[in-house]
Amino acid sequence: MRNLGTLALSVLILALSGCADPLQTVSADLAFWFDCGEGTDPPSSQAIERFLRDNSFAVVDVVRFRREQNLPPMSQTLFIDGIDTQQRMINFVGSPNKKGSYSADLYTPPPTRRSADLEEAILTFVSNQLKCNVRQISRKVNSSERREYYDKIFNIVKQRVIEAKQ
């Protein structure tokens, strides 16, 4: 069995890193940090999964999967990936360096096609349902030249979701 946590981190690092070839990176359509205070930290992974499923995403809670498979724990307390039939990807990740700090990233296949309603729903969910403070909101665009690399990343995440369901 593959090491799902290592694979998850590798994909995230590859997707976000500044590799030598600029076509070997993708930027999140929507990326933001959020901080959860006492009583809301860590945020409910069940609530995040429910929100994503309600928005037609197939979901894997990597932290829970690793625990259920008796694999070594991750440094993150939260690591949830989701994909949908439109080949959008989303992840919620806890910062291993700052307790109570988390990130969320939404990607659409290049060329970027904004999902304005979904973007707003995600921000509202984190603020109103998780009761966390949203900060550092960033919106980026990917050109069609990045599609091949995006497809590679998507297929890795898709495989991870399939593995977790088996």
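Details
- Look at the stretch 90-105: where a residue is farther than 26 Å from Asn155 by Cα and a partner is hydrophobic (A, V, I, L, M, F, W, C) and not in a strand (DSSP E or B), sitting 6+ places away or on another chain with Cβ atoms under 8 Å, you get Gly100/Cys36.
To keep it simple, each residue is scored yes or no on (1) of a type in the set (A, V, I, L, M, F, W, C); (2) over 16 Å from the mean Cα position of the chain (by Cα).
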position	(1), (2)
Asn91	no, no
Pro96	no, no
Tyr102	no, no
Val134	yes, no
Ser138	no, no
Asp151	no, no
Phe154	yes, no
Glu163	no, yes
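- Out of Leu118, Leu123, one residue alone is farther than 19 Å from Ser44 by Cα, modelled with pLDDT of 90 or more and not in a loop (DSSP other than H, G, I, E, B). It is Leu118.
- Meets criteria (closer than 20 Å to Cys36 by Cα and either surrounded by fewer than 21 Cβ atoms within 10 Å (Cβ to Cβ) or among the hydrophobic types (A, V, I, L, M, F, W, C) (or both)) for Ser75: yes
- Each residue in the stretch 141-166 was checked for being surrounded by 12 or more Cβ atoms within 10 Å (Cβ to Cβ), touching a residue at least 60 places away in the same chain (Cβ under 8 Å) and farther than 11 Å from Pro109 by Cα, and 7 pass.
- Any chance Thr85 is modelled with pLDDT of 95 or more, surrounded by 19 or more Cβ atoms within 10 Å (Cβ to Cβ) and not charged (D, E, K, R): no
The values are calculated or read from the model by the stated rules, or taken from the named source; none is laboratory data. The shown structure was predicted, so the numbers you read here are calculated from the model rather than taken from an experiment. Cβ sites come from the backbone with ideal geometry, for glycine too, and all protein chains shown count toward neighbours.
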